[in-house]
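Colleague: Once you've had a glance at the structure underneath, I'll fire off some questions.
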Amino acid sequence: MRQTIRKAFKFRLNPSSEQVQKMVEFAGANRFVWNKALAINLFRLEHKQSLLWYNEMAYWLGLWKSSEEYGFLKTVHSQPLQQTLKKLEKAFKDGFDKKQPLKRIPKFKKKGLSDSFRYPQGFKLEQDSNKVFLPKIGWVKYRNSRQVIGDVKNMTISRKGGYWYVSIQTEYESEILRYVSTSMVGIDMGITRFVTLSDGSYVEPLNSFRKLSKKLAFEQRKLSKKVRFSANWKKQKQRISKIHETVAYARHDFLHKTSSNISKNHAMIVVEDLKVRNMSKSAKGNIEKPGKNVKAKSGLNKSILGQGWGMFVSFLEYKQAWSGGDILKVNPQYTSQTCPSCHHISKNNRKTQSEFECEECGFKANADLVGALNVLERGHRLLACGVETLVSSKKQEPVGSSNTNLLLTA
Ligand SMILES: [Zn+2]
């Protein structure tokens with residue numbers, strides 16, 4: 001059984017000042033058209049005349065555009081204006097109630113409140129370079145916090161609290177939900193533990209990875225002692241590429257199994273945004289005081305799982321899309337240094353690679369678990385306000401998130 005899933009993704013835009021100017025104009029023109037057409041219909045209602053529906057309103061729109069007085073409407077892309085009229089038509093239709101005609105009459109739009117307009121087509125989305133193309137406005141950068149999945153049906157631009165946002169509506173086909181899990185989980189990706197979940201469980205890299213990478217290092221040393229392009233050298237080279245193949249196969253298998261297990265059990269998965277993580281140098285695999293053993297183990301795992309995290313996230317992404325679940329990406333900065341209990345941020349909270357002890361409130365836990373808890377909390381924030389905010393003040397009240405509390409007492 002398959003179903004069509006509709007999803008909405010909302011991102012904050014980073015427009016240039018000229019683009020902001022255009023968005024203000026566009027929103028203004030759309031507000032004008034809405035109010036104007038609404039006024040005509042209210043007048044007609046009052047005088048017991050029939051309402052104008054979309055086609056007639058669109059005819060009026062054409063007249064306004066060619067008039068001198070409202071000629072400014074010509075500078076605006078016409079499709080959002082038509083969309084506004086369609087929306088007005090729908091608002092009138094929705095307002096009709098069989099018992100009480102026009103129970104809810106559409107309202108006039110005020111400047112600065114409901115500033116928005118919608119493109120039904122003509123837009124483009126480039127997720128890799130974090131930008132959207134809006135007709136007559138151009139390419140606008142956006143804060144890419146999660147992967148957009150599905151075919152984009154329309155884009156709505158809106159303003160709230162001084163910021164501009166784009167809402168992207170998509171549709172895709174998926175299998176009927178295979179699970180009813182509604183749990184949300186945060187994931188920390190690391191070296192000694194490949195993933196740690198905010199529910200306390202974790203997955204270590206396979207033992208075979210260690211063996212394989214030792215073997216690889218050994219065979220590579222052997223290769224370096226052979227004469228380049230000699231028969232023996234070629235033979236050795238082949239042996240090495242065989243090992244590489246085995247490694248790739250084992251890694252692929254491992255990543256598939258790990259991502260399937262997590263996807264099966266959690267409807268909403270929050271992960272670190274690897275793009276952001278790779279950019280910051282103080283990235284978390286930051287090994288401050290590792291024991292010798294940890295360091296050696298890390299090095300080996302790192303060599304094999306180096307590219308693994310990206311692949312892991314993309315597996316999770318498509319598995320979640322397939323099952324109707326979701327995945328959120330959050331800023332990973334300070335997730336390993338922030339206290340989940342009191343929010344105090346300090347390098348000193350991280351005692352060793354694996355130990356976390358808050359210097360402020362004394363909260364103790366495994367460092368990777370702390371990372372996962374913080375990732376989860378950022379996911380909650382992202383869902384609650386659409387925009388992620390970093391906690392920077394230590395005066396912040398402890399969060400009462402039930403997930404966190406459960407773990408703190410566990
Ligand atoms: Zn603390």
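The values are calculated or read from the model by the stated rules, or taken from the named source; none is laboratory data. On a predicted model such as this, the values are computed, not experimentally measured, just so you know. Positions of Cβ are backbone-derived with ideal geometry, glycine not excepted, and every protein chain shown enters the neighbour counts.
Colleague: Taking region 1-35 as the search range and keeping residues that are of a type in the set (V, I, T) and in a strand (DSSP E or B), which one is surrounded by the most Cβ atoms within 10 Å (Cβ to Cβ)?
Modeller: Among those residues, the one meeting the criterion is I5.
Colleague: Take the conditions touching an Asp or Glu at 6+ places or on another chain (Cβ under 8 Å) and at pLDDT below 80 and apply them to K297. Does it pass?
Modeller: So K297 does not fit the description; no.
Colleague: Are there any pairs with C-beta distances below 7 angstrom linking a residue in region 343-360 that is within 9 Å of the ligand (Cβ to nearest atom) to a residue that is hydroxyl-bearing (S, T, Y), with the two at least 6 apart or on different chains, and if so which?
Modeller: Matching pairs, first to second residue: C358/S341; E359/S346.
Colleague: I would also like to ask the following. I'd like to check something: does region 127-139 contain any residue that is of a type in the set (S, T, Y) and within 27 Å of L328 (Cβ to Cβ)?
Modeller: Yes, that holds for at least one residue.
Colleague: Does region 90-109 contain any residue that is more than 30 Å from R146 (Cα to Cα), touching a residue at least 24 places away in the same chain (Cβ under 8 Å) and in a helix (DSSP H, G or I)?
Modeller: yes
Colleague: From the list F26, F43, which one is closer than 18 Å to A91 by Cβ and in the same structural domain as Q82 (by TED's automatic domain parsing)?
Modeller: F43
Colleague: Just to check your reading of the model, which residue among F96, F117, F108, F72 is over 30 Å from P15 (Cβ atoms) and of a type outside the set (D, E, K, R)?
Modeller: After ruling out the rest, the residue left standing is F96.
Colleague: Still on this structure: Got a number for residues in region 84-103 being at pLDDT 80 or above and in contact with a helix residue (DSSP H, G or I) (Cβ under 8 Å, 6 or more places away or on another chain)?
Modeller: Selection size over region 84-103: 7.
Colleague: Considering (1) at pLDDT below 90; (2) small (G, A, S); (3) within 16 Å of the ligand (Cβ to nearest atom), say which one G371 fails and leave the rest.
Modeller: (1)
Colleague: Mind checking which residues of region 314-330 are without any contact (Cβ under 8 Å) to a residue 60 or more places away in the chain and more than 15 Å from M184 (Cα to Cα)?
Modeller: Selection gives S314, Y318.
Colleague: Between a residue in region 200-219 that is at negative phi and any residue that is of a type in the set (D, E), which pairs come within a Cβ distance under 7 Å, given they are 6 or more apart or on different chains?
Modeller: Y202/D368
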